Amino acid sequence: MDAYGSEAAVKDNTPTPSGRLDPRLDPAANPALDPAEDTDEPAFDWMKPEPAAGAAEEEGAAGPAAPQPESRADRKAAEAAAADGAGSDHAEAGRDAATDRKTEFRQPSSVGSSSRGTHYSEPLPTSALQVRPPQEEVERRNAEREQAARAKPVLPRFLQVLLAVFYPIILLVLAVRAVTSPLFLWVEYHRPGFPGDGYGFNADDRMTYGSYAVDYLSNWSGPRYLGELVNRSGEKLFKDGEVSHMADVKLVFLSAFGAGALLILISIIAIIYLRRRTPGGVRRGLFAGSIVTLVLIIGLGTLAALGWQQFFTEFHRIFFAAGSWTFALEDTLIRLFPGQFWIDAGLVIAALVLITAVVTLILTWPTRRRRGLAPARKGRKGAGVEGDAEGSDMKDDTGADEAPRTGNIRPVNL
């Protein structure tokens with residue numbers, strides 16, 4: 001037979017020529033192998049072309065659609081009758097539609113709905129931040145914030161306490177320094193009623209020798225400053241025991257003066273800090289310090305008044321060794337500084353501290369003006385309104401002053 005004759009000459013095992021597709025694997029020759037035409041398999045729905053919205057509207061406007069073939073073979077024959085260009089465009093549109101459908105499926109909800117309609121969307125990962133916490137949690141957090149806002153810093157309060165504690169010590173040291181001066185010696189030796197010396201010292205001798213002893217307490221000289229002094233007869237003015245005791249007194253005085261200077265420096269730093277950071281902090285610290293000073297000086301003054309000799313003895317036992325501060329009446333220290341001298345010195349120290357504390361208390365008293373509050377106003381007589389201190393002149397929303405109101409309003413006969 002010729003090449004266009006019967007197919008009997010072609011056997012099943014005849015090899016397929018190169019460049020030709022096996023008829024058994026060709027979807028055009030075997031429609032059953034075309035997955036795009038398998039309407040019974042939902043897995044291949046994404047490969048089917050989806051008609052555009054405009055094309056659907058044109059079909060509706062043109063009229064009823066042509067009847068579609070029912071069987072798979074009839075649909076294949078109808079598609080084969082269409083033009084090759086139209087078929088290829090149709091297939092390309094189908095692939096694009098399938099790609100768009102898969103892209104739509106993977107788009108998040110933040111992109112919004114596409115032109116093809118509603119599609120699947122996933123919740124945003126930040127959607128949980130929009131959930132309001134429970135009311136109890138909100139109230140607890142608000143309470144913590146308010147407590148943190150009302151809490152005062154620790155450092156200003158600590159500096160105020162230091163200022164209150166240091167103030168009486170500073171006043172006491174300054175008062176002692178005022179007493180250990182040549183001016184106080186001169187006033188004591190020349191005041192009426194001061195006991196004289198029964199062993200020959202006059203006021204000039206006392207002033208001269210006493211000035212050496214007072215100067216020794218505040219200078220940096222050694223024990224020779226007093227140990228080499230002689231009187232008019234050429235004898236040593238102070239005995240070795242007296243010089244040793246004065247060396248102990250000098251050590252106590254210099255330690256007290258040094259501690260007082262250090263406390264003054266710390267107090268100045270605290271005052272500068274409180275003035276810049278805490279309004280009213282200096283006033284509160286000094287007010288508390290003045291109260292502490294008054295309590296302390298009143299307590300010590302009461303003890304001294306009840307038993308001066310016992311108070312004087314206990315004071316020396318605290319700072320000096322036993323037996324190192326007792327002397328005979330003819331010794332120079334007793335002749336220069338008799339018992340009346342120490343009583344007067346104690347009274348002057350207490351008076352200076354007391355007066356300074358009272359003045360400080362008055363100057364730092366927490367009045368309304370010092371606390372930054374408006375002064376209270378007294379009520380007008382005959383107004384019949386109580387509590388006028390709160391302010392009787394009221395202002396409306398526009399800022400104009402309203403007329404003062406009275407408590408009793410009498411009707412007027414017209």
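Data overview
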item	result
Check on LEU254, touching a helix residue (DSSP H, G or I) at 6+ places or on another chain (Cβ under 9 Å) and closer than 13 Å to LEU171 by Cα	no
Number of the exception - ALA328 against (1) over 30 Å from ASP240 (Cα atoms); (2) in a loop (DSSP other than H, G, I, E, B); (3) at pLDDT 90 or above	(1)
Options LEU237, LEU226; residue that is in contact with a strand residue (DSSP E or B) (Cβ under 9 Å, 6 or more places away or on another chain), closer than 10 Å to THR332 by Cβ and aliphatic (A, V, I, L, M)	LEU237
Residue in segment 232-248 that is farthest from TYR212 (Cα to Cα), counting only those that are free of Cβ contacts under 8 Å to residues at least 60 places away in the same chain and touching a helix residue (DSSP H, G or I) at 6+ places or on another chain (Cβ under 8 Å)	ASP240
Number of the condition not met by LEU162 [criteria: (1) modelled with pLDDT under 75; (2) touching a Ser or Thr at 6+ places or on another chain (Cβ under 8 Å); (3) hydrophobic (A, V, I, L, M, F, W, C)]	(1)
Within segment 192-214, considering residues that are among the charged types (D, E, K, R) and in contact (Cβ under 8 Å) with a residue 12 or more places away in the chain, the one farthest from LEU251 (Cα to Cα)	ASP197
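So that you can scan it fast, the table gives a plain yes or no per residue for (1) within 48 Å of the chain's Cα centre (by Cα); (2) outside the structural domain of ILE297 (by TED's automatic domain parsing); (3) surrounded by 17 or more Cβ atoms within 10 Å (Cβ to Cβ); (4) in a helix (DSSP H, G or I):
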| site | (1), (2), (3), (4) |
| --- | --- |
| ILE170 | yes, no, yes, yes |
| ALA175 | yes, no, yes, yes |
| TRP186 | no, no, no, yes |
| PRO192 | no, no, no, no |
| PRO195 | no, no, no, no |
| TYR216 | no, no, yes, yes |
| TRP220 | yes, no, no, no |
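The values are calculated or read from the model by the stated rules, or taken from the named source; none is laboratory data. From a predicted model like this one, the values you see are computed outputs, not experimental measurements. All Cβ positions, glycine included, derive from the backbone under ideal geometry; neighbour counts span all protein chains shown.
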